[in-house]
Amino acid sequence: MCGIVGMTGERGAAGSVYERLKLLEYRGYDSAGVASLDGGKFFVSKRRGRVYSLGGEIKHLHGHTAIGHTRWATHGKPCDENAHPHVLGKFAIVHNGIIENYAELQEKYFKGVQFNSETDSEVAVRLLNYFYDKDPLTAVKKTVDEIAGSYALVVMCADFDGIIVAKNKNPVIIGYGNGVNYCASDAPALAGLCDDISVLSDGDIAVLTDKKIEVYDGNLEPVMREKLKNPALCAELDLGSCPHYMLKEINEVPTSITKTCQAFICTYDNIKSYLSGIKRIIITGCGTAYNSGLIGKRYFESFARVPVEVETAGEFRYKNPVIDKKTAVIAISQSGETADTVEAAKLVKSLGGKVIAVTNSPYSELTRVADAVVPVEAGQEICVAATKSYTGQIAALYLLALTLCGGDVEAGAKKLVAASELCFQLIQRLDICTLADACARSDGVFFLGRDLDCAVATEGSLKLKEISYIPSEGYPAGELKHGTLALIDIRTVSVVIITDEYLAPKSLNAVEQILSRKGKVAVVTNIKDVTKKLDGKVNIIEIPDCDKYLSPLLSAVVVQLLAYKTSLLLGRDPDKPRNLAKSVTVE
Ligand code: F6R
């Protein structure tokens, strides 16, 4: 949430920062800005809107040190004044996070002073000037000591030809180049620029010049941070022939499943050892990750007969949960940086519990907190709406549940690979235009199902509302008559997912109830009998038949493509839905 890039040692650094910021727009796109430093003078361009809106001015930003920011607004509306960098006196800063005590700091140090913006961040640049006495590192240290909250803070000082980076609870990496050094919120910004990166820890302050990088801990003692291979690949960031990342990433669903299987087999022994003696599981995560947990619950309970609770991380972390040595908490997160999920994992650790992370981000905060990591190999996901990471998470949870029950994981992986092939075929042939058109014209869309189909319905609803802004609800089909039916009329569309033969007659009742209230219905099914019964009555989306437990992978592709097409019909940008951003590192 908020993307930051900094570099020092490159001629025309502002131009490079500008280009790299574009790769971080998934973290926020309310406003953008770049500042450069040349001969003790700052040059700044910033405004409301997307990064490209700065394009015309970047060539006027001189110097070989620059910092940039793409914002997801937390404090203060999206506008030019609130855009970062904040430049004042001897300092220019960009900040990701929330300074929770900014009002107290304002009162304590700057009473009566007129601030230039409504942001919490401005207090940081004022504190830097306040504490500055010829030594920028000490000024940064004194400033962060005053701040309560979270920050990735990147600082330029007019008297120092370099960059200082401070970190607490918001991700920031540093990159080791050749005569150029870098910092960024996330690895894609540094793809192709440097082979080695380090992930900063909470409390770290790093000082970057063109020649070297020094890292200090919270006591300003020098520390070494492990050098890691930069995981971001330029090829992954290339849209190729796809008009949007969302479509590109749905096309990559099959690969995400197969690669996750391969990675699981490689880490199987390690993961297995962490599962021994587990008698209860709590799954936690947010949004789509939570929704994949709903499917995981069904796997663990069916295969291993172990009771599972699924709770959103934002609820779980404030509930004083009951944790014991026989409970494993599975924290699911694509980014591995979601604040609620990471804090939930830390809480579990502080209570003496075990945390297993299921994540797509090998160097994330969540992996550092967790006892064991189950890798999701979806590759870099750029679109704000999660797609291939969801199916990767389902694959990982399926194999994890098989591991817990002592099942045949290799056979499970083969089934997943077969399902991924069916996903591929489905993506090639699926025509969802009629249904997307009906959704785009509707007042609301309901997604219904039972059991696993209900879990996918929940995700389908989230995806649709997130990128089309159409009100939507995902609902257990059996609950329809207990309230939601009151909302059904000719202006609504209900998408009913039916992939379980045993439950099909029950879900068909829901279809009839909707039809008799004149609601429009589409049915996503792989059951021939359902198709036969509903032929001519509703829009039927046939999906390939496959193992009952893996059909969510196929219906997921349908609801993802439905959301994508509907969003396009309404003229939305599916990659950058309004008000949202990826990697929610604030509460
Ligand atoms: C929805 C979506 C979000 C994320 C949620 C958790 O399409 O992408 O709901 O799933 O913000 O993010 P991670 O998985 O990074 O913890």
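Worth pointing out:
- Residue pairs whose Cβ atoms lie under 9 Å apart, sitting 6 or more positions apart in sequence or on different chains, and linking a residue in the range 310-338 that is farther than 16 Å from Ala357 by Cβ and within 14 Å of the ligand (Cβ to nearest atom) to a partner that is of a type in the set (Gly, Ala, Ser) and open to solvent by 20 Å² or more (accessible area, probe 1.4 Å), are Thr312/Gly287.
- Pairs, first under 16 Å from Asp186 (Cα atoms) in the range 368-390, second surrounded by fewer than 24 Cβ atoms within 10 Å (Cβ to Cβ) and of a type in the set (Lys, Arg), C-beta under 7 Å, six or more apart: Val384/Lys576
- Residue in the range 339-348 that is away from the ligand (no atom under 14 Å from the Cβ), surrounded by 22 or more Cβ atoms within 10 Å (Cβ to Cβ) and among the small types (Gly, Ala, Ser) present: no
- Matching residues, the range 286-309, being more than 13 Å from the ligand (Cβ to nearest atom) and either over 20 Å from Leu404 (Cα atoms) or under 22 Å from the mean Cα position of the chain (by Cα) (or both): Ile295, Gly296, Lys297
- Note on the range 365-392: residues that are under 18 Å from Lys576 (Cα atoms), more than 10 Å from the ligand (Cβ to nearest atom) and not in a helix (DSSP H, G or I) total 2.
Yes/no per residue for (1) surrounded by 15 or more Cβ atoms within 10 Å (Cβ to Cβ); (2) in contact with a helix residue (DSSP H, G or I) (Cβ under 7 Å, 6 or more places away or on another chain); (3) farther than 24 Å from Gly6 by Cβ:
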site	(1), (2), (3)
Lys212	no, no, no
Tyr216	yes, no, no
Leu228	yes, no, no
Cys242	no, yes, yes
Tyr245	yes, no, yes
Asn251	yes, yes, yes
Ile257	yes, yes, yes
Thr260	yes, yes, yes
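- Of the strands (runs of 3 or more DSSP E) lying entirely inside the range 1-48, those containing at least 3 residues that are buried (at least 24 other Cβ atoms within 10 Å of the Cβ) are 3-8, 31-38.
- Among the criteria (1) within 16 Å of the ligand (Cβ to nearest atom); (2) under 20 Å from Thr403 (Cβ atoms); (3) surrounded by fewer than 21 Cβ atoms within 10 Å (Cβ to Cβ), the one Ile265 does not fulfil is (1).
- In the range 349-364, of all residues being among the hydroxyl-bearing types (Ser, Thr, Tyr) and within 15 Å of the ligand (Cβ to nearest atom), the one that is most open to solvent (accessible area, probe 1.4 Å) corresponds to Tyr363.
- Among the residues of the range 95-126, those that are surrounded by fewer than 22 Cβ atoms within 10 Å (Cβ to Cβ) and of a type in the set (S, T, N, Q) comprise Asn101, Gln106, Gln114, Asn116, Ser117.
- Residues that are charged (D, E, K, R) and outside any loop (DSSP other than H, G, I, E, B) were ranked within the range 133-172; the one that is farthest from Lys90 (Cα to Cα) is Lys169.
- Of all the listed residues (Ala386, Ala396, Ala438, Ala378), the sole one being closer than 29 Å to Gly519 by Cβ and within 23 Å of the chain's Cα centre (by Cα) is Ala386.
- For Lys59: the one exception among (1) buried (at least 23 other Cβ atoms within 10 Å of the Cβ); (2) more than 32 Å from the chain's Cα centre (by Cα): (1)
- Some residue of the range 53-76 being under 20 Å from Val165 (Cα atoms) and in contact with a Lys or Arg (Cβ under 6 Å, 6 or more places away or on another chain): yes
- Residue selected from the range 274-285 under the condition closer than 17 Å to Ala455 by Cα and not polar (S, T, N, Q), by the criterion farthest from the ligand (Cβ to nearest atom): Ile282
The values are calculated or read from the model by the stated rules, or taken from the named source; none is laboratory data. Because the structure is predicted, anything quoted here is derived from the model rather than measured. Quick reminder, even Gly has a Cβ in these numbers, built from the backbone with ideal geometry, and neighbours come from all protein chains shown. Please note that ligands, DNA and RNA were not included when accessible areas were found on the heavy atoms of the full protein model with its side chains. Shrake-Rupley method; radii C 1.70, N 1.55, O 1.52, S 1.80 Å.
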